[in-house]
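Written below as structure tokens is the structure these notes are about.
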Amino acid sequence: MQNILVPVDFSPVSRNAAIYAAELAKQFNAKLVLFHAYMLPTPVSEVPYVMVTADEMQKENEALIKKEADQLHDTYKIEVEWLVQIGIASDEIKQLAKDKNSDIIVMGMKGAGGLDKIIGSTTTNVIRKVKVPVLVIPDKATYQPIQHITYAYDLNDPSGPALFQPLLDLAASYQSRFSLLHVQSPSEAKENSGAGKTALEAIFNGRQVTWVTTEDSSVTRGISEYLLQHPAELLAMIAHRHNFFERVFSKSHTTAMAYETSIPLLILHDKE
């Protein structure tokens, strides 16, 4: 891991994520790139007000992000670059991740209330648009060395080695142990509970791995109950079409979210 991209909006949630990213950068001797995107305000009424110019907003945001970058550099002794651009945040982040050859994007999230609520609109759009791993940091999560990683997998998850490399790199740096968790519905055939494990066994060969299969009609509830009994510093999932990650974040599940995450969530991307 050499380049870590951190979108910021100068909120406490954003600063918390930046601090977590700085700890990662120090661990990996990586470069931190702070980025802020902004839009010009649009009048919403006929009441006259003083229009702020793009130049004024640019300078104000540059002063704020430079202050944050300097603080992180001084505290963690890491290389920190910063950039401010006008534009739609998710689009600018997608392009910048490509331009900067980012290895991971670290973003904050506010509040608990289920996996469907941990992702704000900007973060949701970033996750859907980019092919770079996204690490989502809850607002109340503080940095801890990653000793235990729970990877919640679906039987249809892809299993190319390159897909898992960011996760394996994290584990190698921290000497983490893994729980590979599959939550199956009661309707799933019992004989299929071990399907799809062969490729994962090859990928995680030589690692400290515990295989776990639980049964629950709600994927999120199954994850929640497992993590309550087996705390971890990181939850990992794969975002790709038709897997349980998509089902978790679908509108049909928004009223049934039982898992209120308090740990960072690493989202890996199927690039195909």
In the stretch 94-112, how many are surrounded by 15 or more Cβ atoms within 10 Å (Cβ to Cβ) and within 14 Å of residue 30 (Cβ to Cβ)?
6
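Okay, residues lined up against (1) under 22 Å from residue 136 (Cβ atoms); (2) of a type in the set (S, T, N, Q); (3) open to solvent by 90 Å² or more (accessible area, probe 1.4 Å):
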{"residue": "38", "(1), (2), (3)": "yes, no, no"}
{"residue": "53", "(1), (2), (3)": "no, yes, no"}
{"residue": "59", "(1), (2), (3)": "no, no, yes"}
{"residue": "83", "(1), (2), (3)": "yes, no, no"}
{"residue": "86", "(1), (2), (3)": "no, no, no"}
{"residue": "92", "(1), (2), (3)": "yes, no, no"}
Just give me the residues in the stretch 209-239 being over 25 Å from residue 165 (Cα atoms), in a loop (DSSP other than H, G, I, E, B) and touching a Ser or Thr at 6+ places or on another chain (Cβ under 6 Å), in sequence order.
217
One residue is enough: does the stretch 227-240 have a residue meeting the conditions modelled with pLDDT under 85 and touching a Leu at 6+ places or on another chain (Cβ under 6 Å)?
no
Give me the pairs, please: first residue somewhere in the stretch 122-144 and touching a residue at least 24 places away in the same chain (Cβ under 8 Å) and in a helix (DSSP H, G or I), second residue anywhere and surrounded by fewer than 21 Cβ atoms within 10 Å (Cβ to Cβ) and among the acidic types (Asp, Glu), beta-carbon distance under 9 Å, and either six or more positions apart or on two chains.
122/9; 125/91; 129/91
Inspect all residues belonging to the stretch 121-139 and state whether any of them is of a type outside the set (Ser, Thr, Tyr), within 25 Å of residue 213 (Cβ to Cβ) and at pLDDT below 80.
no
Is there any pair with a first residue in the stretch 176-202 that is among the basic types (Lys, Arg) and a second that is at pLDDT below 80 whose Cβ atoms are under 9 Å apart and which are 6 or more apart or on different chains, and what are they?
197/155
Restricting attention to the stretch 37-49, does a residue exist that is part of a helix (DSSP H, G or I) and at pLDDT 90 or above?
no
Conditions (1) surrounded by 13 or more Cβ atoms within 10 Å (Cβ to Cβ); (2) of a type outside the set (A, V, I, L, M); (3) at pLDDT below 85 -> residue 186 fails only (1)
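The values are calculated or read from the model by the stated rules, or taken from the named source; none is laboratory data. Computed from a predicted model, the values in this text were never measured in an experiment. A quick note on method: Cβ atoms are made from the backbone with ideal geometry, for glycine too, and the neighbour counts reach across all protein chains shown. Note: accessible area is taken over every heavy atom of the protein model, side chains too, but ligands, DNA and RNA are not part of it. Shrake-Rupley method; radii C 1.70, N 1.55, O 1.52, S 1.80 Å.
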